Amino acid sequence: MLATAALLFAAALGVSGHYTFPRAGGGSDWQYVRRADNWQNNGFVGDVNSQQIRCFQSSHAPAQGVYNVSAGSSVTYYAAPNVYHPGPMQFYMARVPDGQDINSWRGDGAVWFKVYHEQPNFGSQLTWPNNGKSSFQVPIPRCIRSGYYLLRAEHIGLHVAQSSGGAQFYISCAQIGVTGGGSTDPPNKVAFPGAYRASDPGILININWPVPTSYQNPGPPVFSC
């Protein structure tokens with residue numbers, strides 16, 4: 001009975017709790033962030049093999065500008081209205097190859113490294129540090145090379161993830177310029193699509209009942225200098 005009630009409640013939340021990630025570093029919505037396909041309807045990506053899993057764009061369109069940040073500092077990434085569903089917040093970066101234009105570069109191939117992910121608090125239910133938040137401090141590793149990067153925000157809604165394809169991905173990509181960096185080329189790069197499988201334990205999971213006692217974040221480990 002409790003498990004059924006939890007699933008029904010989670011399904012009800014799935015109708016009303018959607019959000020976007022439209023702003024990074026300041027400025028206005030979609031100024032430094034590539035406008036995602038959900039900019040009007042707050043929808044989500046449900047297929048990990050879709051091209052939308054990269055930056056939530058069906059067709060490529062650049063942001064209006066580039067936000068500049070120093071290596072070793074952080075970028076504030078904003079949700080609108082706020083993160084509502086249970087699940088991890090994760091951030092990735094991908095460096096634009098020297099000589100290429102950030103406005104036309106799409107982030108194809110195994111170029112993405114993870115700079116942040118969350119673990120839940122375990123108890124009678126899973127609780128997540130991001131719940132109810134509308135801004136996140138994203139660390140920019142101090143040792144990465146200077147240059148232009150895409151900064152990818154991803155929140156995975158796990159409230160109905162007990163069946164394949166049930167996880168909800170809320171995504172966008174900001175265009176940033178990193179200055180004052182080092183010489184490190186991060187390992188463990190992945191491609192989007194390609195980084196995730198629908199059967200990954202952090203994607204196909206019942207968080208409602210029985211309540212998990214551990215959680216495995218999808219994707220590579222977090223890079224640190």
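No value in this document is a laboratory result; all are computed from the given coordinates. Computed from a prediction, not measured in an experiment: that's the story for all the values here. We place every Cβ from the backbone using ideal geometry, glycine too, and count neighbours over all the protein chains shown.
In terms of overall dimensions, the chain has a Cα radius of gyration and Dmax of 17.0, 60 angstrom. Close amide H contacts of Val75 (hydrogens built in the peptide plane, cut-off under 5 Å, sequence separation of 5 or more or a different chain): Val138, Ile140. Residue separation of Arg142 and Gln40 scaled by 0.36 nm, minus their Cα-Cα distance, works out to 33.2 nm of gained length. Annotation: the residues Cys173, Cys143, sorted from fewest to most other C-beta atoms within 10 Å of their own C-beta, follow the order Cys143, Cys173. Take each peptide in 146-154, 192-200, count the other Cβ atoms within 10 Å of every residue, and average; sorted highest first, the result is 146-154, 192-200.
Under 12 Å from a label point 7 Å along Cα→Cβ of Asp108: give me every residue in the range 31-50 with its amide N that close. Nothing falls inside the zone, counting backbone N under 12 Å.
Tell me, in nm to one decimal, what length is gained between Ala198 and Thr184 on full extension, where the rule is 0.36 nm per residue of separation less the Cα-Cα distance?
Taking 0.36 nm per residue and subtracting the Cα distance, the gain is 1.9 nm.
Taking 0.36 nm per residue of sequence separation and removing the Cα-Cα distance, the Asp101/Ser50 pair yields an extension gain of 15.9 nm.
By the helix-only formula, in which each DSSP H run with n ≥ 4 contributes -39500 (n - 2.57) and the sum is divided by residues, the chain has a 222 nm mean residue ellipticity of -2500 deg cm²/dmol. By the count of other C-beta atoms within 10 Å, a proxy for reagent exposure, Trp128, Trp39 are ordered fewest to most as Trp39, Trp128.
When Lys114, Lys189, Lys133 are arranged by Cβ crowding within 10 Å, least crowded first, meaning fewest neighbours, the order is Lys133, Lys189, Lys114.
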